[in-house]
């Protein structure tokens, strides 16, 4: 495996870096989304109980302590309780939009990695073919042994670039869908608290 990597030429290093960064983003986002999702229902339940018991100040303190994206949205709703429903909903949407950006963190970089990896592989292919044609120019038609280095480099980098790009595309789609689901859940939970605040 190491020999194949070395034979792929210098562009194998940026392709490897793309792979490492992409998988690191995947693991970080999965952990973050799981932690956020696990904390949303307990937060909602606790805030609802405090509001029903008319302990709004305690609900505000609880949200401040949590510090999660949903907690920050609910905090904005609770501190604007004297406004009318449309104003509170508009404020919740504004804060929710900012928190949604946080959900999308690193996904742009992941999409870039998915797009650039096959291009790096293609560049390696071009460089490998140039090397093969340089051999032909120097020694004539050449032999399989003399041409093999350039062609091998071309094929290895192409395969490596595609093997990084394909899973990164799938990972990006998966993480984007999870982020969208979390955003919808936060919106739904926020509206439940808005209903309690404006009663």
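The values are calculated or read from the model by the stated rules, or taken from the named source; none is laboratory data. Only a predicted model underlies this, so the values are computations on that prediction, with no experimental measurement involved. Here the Cβ positions follow ideal geometry from the backbone for every residue, glycine too, while neighbour counts run over all protein chains shown.
Just a few scattered comments:
- Selection status of residue 8, at pLDDT 85 or above, closer than 30 Å to residue 156 by Cβ and crowded, with 19+ Cβ neighbours inside 10 Å: no
- Verdict on residue 117 being free of Cβ contacts under 8 Å to residues at least 12 places away in the same chain and assigned to a helix (DSSP H, G or I): no
- Residue selected from region 55-70 under the condition within 18 Å of residue 100 (Cα to Cα) and in contact with a helix residue (DSSP H, G or I) (Cβ under 9 Å, 6 or more places away or on another chain), by the criterion surrounded by the fewest Cβ atoms within 10 Å (Cβ to Cβ): 68
- Only one of the numbered conditions (1) surrounded by fewer than 17 Cβ atoms within 10 Å (Cβ to Cβ); (2) under 19 Å from residue 198 (Cβ atoms) is not met by residue 98, and that is (2).
- Residue in region 49-58 that is touching a residue at least 12 places away in the same chain (Cβ under 8 Å) and under 30 Å from residue 161 (Cβ atoms) present: no
- Here residue 27 meets each of (1) surrounded by 13 or more Cβ atoms within 10 Å (Cβ to Cβ); (2) modelled with pLDDT of 90 or more with one exception, condition (1).
- The condition of being under 21 Å from residue 188 (Cβ atoms) and in a helix (DSSP H, G or I) does not hold for residue 108.
- Some residue of region 27-47 being over 30 Å from residue 177 (Cβ atoms), without any contact (Cβ under 8 Å) to a residue 60 or more places away in the chain and either under 21 Å from the mean Cα position of the chain (by Cα) or in a helix (DSSP H, G or I) (or both): no
- Taken together, 73, 113 contain a single residue that is surrounded by 15 or more Cβ atoms within 10 Å (Cβ to Cβ), in contact with a helix residue (DSSP H, G or I) (Cβ under 6 Å, 6 or more places away or on another chain), farther than 16 Å from residue 196 by Cα and modelled with pLDDT of 85 or more, which is 113.
- Any chance residue 21 is under 30 Å from residue 123 (Cβ atoms) and in contact with a helix residue (DSSP H, G or I) (Cβ under 9 Å, 6 or more places away or on another chain): yes
- Among the residues making up region 53-70, those that are at pLDDT 85 or above and under 28 Å from the mean Cα position of the chain (by Cα) are 63, 64, 65, 66, 68, 69, 70.
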